[in-house]
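Working notes, structure below.
The values are calculated or read from the model by the stated rules, or taken from the named source; none is laboratory data. On a predicted model such as this, the values are computed, not experimentally measured, just so you know. Note that each Cβ is placed from the backbone with ideal geometry, even for glycine, and that neighbours are counted across all protein chains shown.
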Amino acid sequence: MKKGDYDRAIDDFDRVLRTDPRYEKAIRSRAEAVKAKENSVQPNAKVATAEALSLPATSDQQAAYCLEASFGFAQRLTKLVEILRANRDKGQALLDGANTSPNDKAHLIAQITALNNSIASNDAKRASWAANASVFATYLQRRNVFAKDPNTIALMSGQVRKQQEAVHDIYSACLRACAPNDVSCKSACDKQANSSDANMRMQRCSDIVANFK
């Protein structure tokens with residue numbers, strides 16, 4: 001089966017799943033088609049992938065690109081932490097309720113503990129990306145890039161926005177195949193989006209931030 005055949009198969013399964021999101025055979029078949037498509041990538045496509053992961057050529061461009069990417073990650077993690085805290089507070093309110101059974105309390109305590117761990121982890125990531133953004137912004141200010149080369153700032157910001165949209169589209173497309181309450185499927189979609197070329201390219205900013213201090 002050729003790449004185009006895999007694409008058509010995936011589209012077909014997507015149409016089926018939009019009608020019946022719980023159709024397990026279609027879910028499995030779609031996953032198999034996606035995996036087969038990934039395994040069919042030719043060497044020249046792999047080279048193209050490596051090129052897609054490369055950062056802009058000059059230091060000023062890299063700093064401008066990574067400023068926008070770092071700010072985007074920090075914003076996304078800020079929103080995620082807010083959602084996690086709201087869910088934890090709802091769980092705590094249920095835990096404090098007078099009519100909560102011992103079994104429900106044990107379950108809620110486990111959920112709240114997991115949420116607290118996730119909050120701490122994601123808040124640390126948020127702080128790290130915010131610190132990275134500050135490093136790149138300070139470098140650009142020191143080089144006076146904001147004033148002397150606003151086109152570079154605009155161009156790199158545009159690149160990051162397109163890649164952010166690509167990551168979002170990958171997640172959304174995957175999510176359409178998930179049943180409403182299928183947490184494992186949603187987690188798999190999150191991993192798929194995070195491992196995409198667009199996201200991995202933006203993530204590389206954390207590898208080079210030390211060069212701009």
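Residues being under 22 Å from residue 81 (Cβ atoms), surrounded by 13 or more Cβ atoms within 10 Å (Cβ to Cβ) and hydroxyl-bearing (Ser, Thr, Tyr): count how many of those fall in region 96-116. The number of residues fulfilling the criteria is 0. Being within 16 Å of the chain's Cα centre (by Cα), over 20 Å from residue 59 (Cβ atoms), surrounded by 12 or more Cβ atoms within 10 Å (Cβ to Cβ) and aliphatic (A, V, I, L, M): is that true of residue 179 here? Judged against the criteria, residue 179 is not a match.
Tally time: how many residues in region 147-162 are surrounded by fewer than 14 Cβ atoms within 10 Å (Cβ to Cβ) and out of contact with any Asp or Glu (no Cβ under 8 Å at 6 or more places or on another chain)?
The total comes to 7.
For residue 132, the criteria (1) closer than 26 Å to residue 93 by Cβ; (2) in contact (Cβ under 8 Å) with a residue 40 or more places away in the chain hold in every case but one, which is (1). Considering only residues of region 79-91 that are surrounded by 16 or more Cβ atoms within 10 Å (Cβ to Cβ) and not basic (Lys, Arg), which is farthest from residue 118 (Cα to Cα)? If we take residues in region 79-91 being surrounded by 16 or more Cβ atoms within 10 Å (Cβ to Cβ) and not basic (Lys, Arg), then 91 is farthest from residue 118 (Cα to Cα). Taking residues in region 52-63 that are in contact (Cβ under 8 Å) with a residue 12 or more places away in the chain, and partners anywhere that are aliphatic (A, V, I, L, M) and in a helix (DSSP H, G or I), the pairs with Cβ atoms closer than 6 Å and at least 6 places apart or on different chains are 53/200; 60/145; 61/156; 63/140. Listed by first and then second residue, the pairs with beta-carbon distance under 6 Å, at least 6 apart or on different chains, first residue in region 168-195 and within 17 Å of residue 32 (Cβ to Cβ), second outside any helix (DSSP H, G or I), are 185/178. Against the definition (in a helix (DSSP H, G or I), of a type in the set (Gly, Ala, Ser) and assigned by TED's automatic domain parsing to the domain that holds residue 69), how does residue 193 come out, yes or no? Yes; evaluated as a whole, the condition is true for this residue.
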